[in-house]
1. Please give the Cα centre distance for the stretch 27-43 versus the stretch 63-142, rounded to the nearest Å.
2. What are the lysines whose alpha-carbon lies under 19 Å from the alpha-carbon of Lys46, with same-chain residues fewer than 8 places away excluded?
3. Quick check on the chain: helices-only [θ] at 222 nm, where DSSP H runs of length 4 and up contribute -39,500 (n - 2.57) each and the sum goes over total residues. Nearest 500, please.
4. Please give the direction-averaged projected area of the C-alpha convex hull for the stretch 67-155, in square nanometres with one decimal.
5. Which ordering of Ile97, Ile41 is given by a fewest-first count of other beta-carbon atoms within 10 Å?
6. Separation between the Asn138 and Ser115 pseudo-spin-labels, each 7 Å from Cα along Cα→Cβ, expressed in nm?
7. With a point put 7 Å past each Cα toward its Cβ, work out how far Glu51 is from Met1 in nm, to one decimal.
8. Select from Thr30, Thr43, Thr63 the residue whose mean-square fluctuation is largest in a Gaussian network model of the chain (Cα-Cα springs shorter than 10 Å).
Amino acid sequence: MEINLQKEEFSYAYIRAVATVASCVCQRTTPPLDGLGIDLILTGLKSPPQENFPILYVQVKCTSREVINDDVVRFPLSVKNYNELRVINCYPPIILIVVVVPEKVEEWLQQSEASLCLQRCGYWLSLAGADVTTNQDNITVSIPRKNLFTPKVLEVIMQKILQGDML
């Protein structure tokens, strides 16, 4: 399997695992949504029955490059993807999740009878309302390291969506 496809599949597995623990359904998109920069759709199932189910669009990236600096993850994003993510009044809202993995594929996962450990983690960022860029090809986005994509964080994001809050 080609390395970029392995990264894509691994990042989807990571996000699906987080979503499952947070009582969310994770679906891969098909054309034309994937052409609009939407890779996954997360639907929250934890809300009370009388409420709507929150929906979140996700653009996924995976890297084995050294992108973690002090308190931020600096990730080069294509201008096309950046512009897809900076839409202000997008509903459902869309976030970027960057999954960071070790360089060697055989280090991505460790397993024993007691545990299954996916190496490294994902960081999320909402670029809604971000500044217009004059860059032609790429723009480096800075994701705070505190923006770890975890089940608890996903639950908070889904609650904000239900309340109509910005992410």
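Readers should treat all values here as calculations from the given coordinates under stated rules, not as data from a laboratory. Since we're looking at a predicted model, the values are computed, not measured. Cβ: placed from backbone, ideal geometry, glycine included. Neighbour counts: every protein chain shown.
1. If you average the Cα positions of each part, the centres end up 16 Å apart.
2. Qualifying lysines at Cα under 19 Å: Lys152, Lys160.
3. Taken over the chain, the calculation gives -7500 deg cm²/dmol.
4. 7.7 nm²
5. Ranked by crowding around the Cβ, least crowded first: Ile41, Ile97.
6. It works out to 3.4 nm between the two label points.
7. A separation of 3.5 nm, rounded to one decimal place.
8. Thr30
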